[in-house]
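First the structure, in the form of structure tokens, and then the observations on it.
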Amino acid sequence: MLAVSAEVEREGIREKTLEGLDAAARKGNVGGRPTVVDDGKLAVARARHRKGESVTSIAKALGIGRATLYRHLGESA
């Protein structure tokens, strides 16, 4: 009996959460962590990468991680 009650309660929580996420999306709010790579940093990184500079040195100079830089360079390619 308790299991059924818990399941019903859990389903209600799930529905309310999805409604809240939908309402936030309609307002233009998106969840998640903001990106550290803006258009300016990406342009600098692309230019330096085209000149042959290593991803490690570019990432250090811009203050971002190598994996982040690889991900963003891959999206722009």
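Just so you know, all these numbers are worked out from the coordinates, no wet-lab data involved. As the structure is a prediction and not an experimental result, all values here were calculated from the model. A quick note on method: Cβ atoms are made from the backbone with ideal geometry, for glycine too, and the neighbour counts reach across all protein chains shown.
Can you compute the helix-only [θ] at 222 nm over the chain? Use -39500 (n - 2.57) per DSSP H run of at least 4 residues, normalise by all residues, nearest 500 deg cm²/dmol. Kindly include the intermediate steps, with their values, before the conclusion.
Values: 4 runs with 57 residues, N = 77.
After summing the helix terms and dividing by residue count, I get -24000 deg cm²/dmol.
Please work out whether segment 33-77 counts as rounded, prolate or oblate from its C-alpha gyration tensor, where a ≥ b ≥ c are the square roots of the eigenvalues and a/c under 1.5 means rounded, while otherwise a/b larger than b/c means prolate and anything else oblate? It comes out prolate by the Cα gyration axes.
Answer with a single label: of (i) 26, 13, 7; (ii) 45, 15, 9; (iii) 25, 20, 10, which was calculated as semi-axes √(5λ) of the Cα gyration tensor in Å from the structure in view? Working out semi-axes √(5λ) of the Cα gyration tensor in Å from the coordinates points to (ii). The protection proxy used here, the mean number of other Cβ atoms lying within 10 Å of each residue, ranks peptides 17-23, 37-43 as follows, highest first: 37-43, 17-23.
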